[in-house]
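Here is the structure we will look at.
Taken together, the values in this text are just the output of simple stated rules run on the coordinates, not laboratory data. All of these numbers come straight from a predicted model, not from anything done at the bench. All Cβ positions, glycine included, derive from the backbone under ideal geometry; neighbour counts span all protein chains shown.
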Amino acid sequence: MTTKADRVVLGELAREQPIPSRVFANEIIHGAPHLGTYLGTELRAWVDTKAKVIRGWIAAGKMHDIDPKHLLFMIWASTQTYADFASQISAVLGKEQLSPQDYKAVARQMTEIILRGCGLTPPPSS
């Protein structure tokens, strides 16, 4: 993941569009009554495609041998937490709300943790 991509995915989307994330989470929490078919077909196919790419990287020795699907789940859970539970995170950090700088710091930290867990070296911080 590039440093620009991590800012977009982890910073801007969670910060700028938390409501769609909460609506999606609520749908899933309630058993996906409206999205169940999509989850088991299109999303599953998308995940399988991404997992195949990651397995290729593993086979080529480019990263640790990890379960690609669980890696994706971990990334989703980590990023979604900042959208869905921003009030909890803000309170624990003693802030009224998270700032753009907070989201940038989170993006850097999450990128580093995930990449290192995969056996990769994160790009230098900018």
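Compared with the alpha-carbon gap, the fully stretched path from residue 69 to residue 32 is longer by 11.4 nm at 0.36 nm per residue.
Test of understanding: ordering 110, 63 by Cβ neighbours within 10 Å, fewest first, what list do you get?
With the sparsest Cβ surroundings first, the list reads 63, 110.
Computed over the chain with a Gaussian network model linking Cα atoms closer than 10 Å, the most mobile of 54, 89, 29 is 29. Counting charges near residue 48 (Lys, Arg +1; Asp, Glu -1) among other residues having Cβ under 12 Å from its Cβ returns a value of +4.
Taking a sphere under 13 Å around the Cβ of residue 72 and counting the other residues whose Cβ falls inside, with K and R at +1 and D and E at -1, yields a net charge of +3. Taking the stretch 3-117 as the region of interest, the number of lysine pairs whose Cα atoms are within less than 30 Å, with members eight or more places apart or on different chains, is 15. Structural descriptor for the chain: relative contact order 43 percent, calculated from alpha carbon pairs under 8 angstrom and at least 6 residues apart. Where only DSSP H runs of four or more residues are counted, the chain gives -19000 deg cm²/dmol as its mean residue ellipticity at 222 nm, each run worth -39500 (n - 2.57). Computed over the stretch 31-77, the quotient of the alpha carbon radius of gyration and 2.2 N^0.38 Å is 1.33. Within the listed set 68, 18, 33, the Gaussian network model of the chain (springs between alpha-carbon atoms below 10 Å) gives the highest mean-square fluctuation for 33.
Provide the gained length on full extension for the span residue 121 to residue 39, in nm with one decimal, where the gain is 0.36 nm per separating residue minus the Cα-Cα distance.
Length difference between fully extended and current span is 26.3 nm.
Based on alpha-carbon atoms, the Kirkwood radius and the radius of gyration of the chain give Rg/Rh equal to 1.00. I'd like to know which of 109, 63, 41 lies farthest towards the positive end of the charge dipole of the stretch 3-117, counting +1 on Cβ of Lys and Arg and -1 on Cβ of Asp and Glu. The listed residue farthest towards the positive side: 63. If you run the Gaussian network model on the chain, springs between alpha carbon atoms under 10 Å, then out of 79, 111, 41 the most flexible one is 41.
About its Cα centre, the stretch 3-117 has a charge dipole of approximately 340 debye under the convention of +1 per Lys or Arg Cβ and -1 per Asp or Glu Cβ, with nothing else charged.
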